[in-house]
Amino acid sequence: LLLLCYTEEAAVIVSGLKNTDVFVGETATFTCELSHPGVKNVQWWLDGSPLHNNFVTEISEQDGMIHTLTLNDVACHDSGTVTFRAGSLISSAKLLVKGILLLE
């Protein structure tokens, strides 16, 4: 009898975060896909500050493997490094929020 147990250490990042450029007021979305569900201690960060679900920040998960962060109505000060951490796994990417130059 062979019993396969998935442990947190066996999980890997299948598809990591990608650098994203958006304009002020737009939506930025980051997705990280894990090899299997059940990884504990999932957390998103922006420039070292933990993110939580609210009207601007949407954190979701599909099938326990696809983790998505959506930042709505971004501002210039939101530019920075987005980090996804699941157990010992880490993926990071840059968010660049570009201002709109109004010519008179």
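The values are calculated or read from the model by the stated rules, or taken from the named source; none is laboratory data. Remember, predicted model here, so these are calculated numbers, not experimental data. Quick reminder, even Gly has a Cβ in these numbers, built from the backbone with ideal geometry, and neighbours come from all protein chains shown. Quick note on the areas: whole protein, heavy atoms, side chains included, nothing else; ligands and nucleic acids left out. Shrake-Rupley method; radii C 1.70, N 1.55, O 1.52, S 1.80 Å.
Some points to look at:
- R0 of 35 Å, Cβ-Cβ distance residue 100-residue 35: FRET efficiency to nearest 0.05: 0.30
- Gain in span if fully extended, residue 53 to residue 26, counting 0.36 nm per residue against the direct Cα distance: 7.9 nm
- Across segment 58-69, coupling constants 3J(HN,Hα) worked out from phi with the 6.51/-1.76/1.60 Karplus curve, θ = phi - 60°, read 10, 10, 9, 8, 10, 6, x, 10, 9, 10, 10, 10 Hz, and Gly and Pro carry x.
- Extents of the chain, largest first, come to 75, 23, 22 Å (Cα atoms, principal axes, whole angstrom).
- Globularity ratio of segment 40-84, using Cα Rg and 2.2 N^0.38 Å: 1.16
- The length gained by stretching the chain between residue 61 and residue 73 to full extension, at 0.36 nm per residue less their Cα-Cα distance, is 2.2 nm.
- Environment charge at residue 97 (Cβ cut-off 10 Å; Lys +1, Arg +1, Asp -1, Glu -1): -2
- The alpha-carbon of residue 18 sits under 18 angstrom from the alpha-carbons of these lysines, leaving out residues fewer than 8 places away in its chain: 94, 98.
- The chain - percent of accessible surface contributed by carbon and sulfur, probe 1.4 Å: 56
- Charged neighbours of residue 30, selected by a Cβ distance under 15 Å, balance to -4 (K, R count +1; D, E count -1).
- 3J(HN,Hα) couplings calculated from phi for segment 15-21 with the Karplus curve 6.51 cos²θ - 1.76 cosθ + 1.60 (θ = phi - 60°) are, in sequence order, 9, x, 5, 10, 4, 9, 10 Hz; Gly and Pro show x.
- Amide H to amide H distances under 5 Å link residue 79 with 97, where only residues 5 or more positions off or on other chains count and H is placed in the peptide plane.
- For segment 39-54, 3J(HN,Hα) per residue [Karplus equation, 6.51 cos²θ - 1.76 cosθ + 1.60, θ = phi - 60°, Hz, x = Gly/Pro]: 6, 8, 6, 7, 8, 10, 9, 10, 6, x, 9, x, 9, 9, 4, 7
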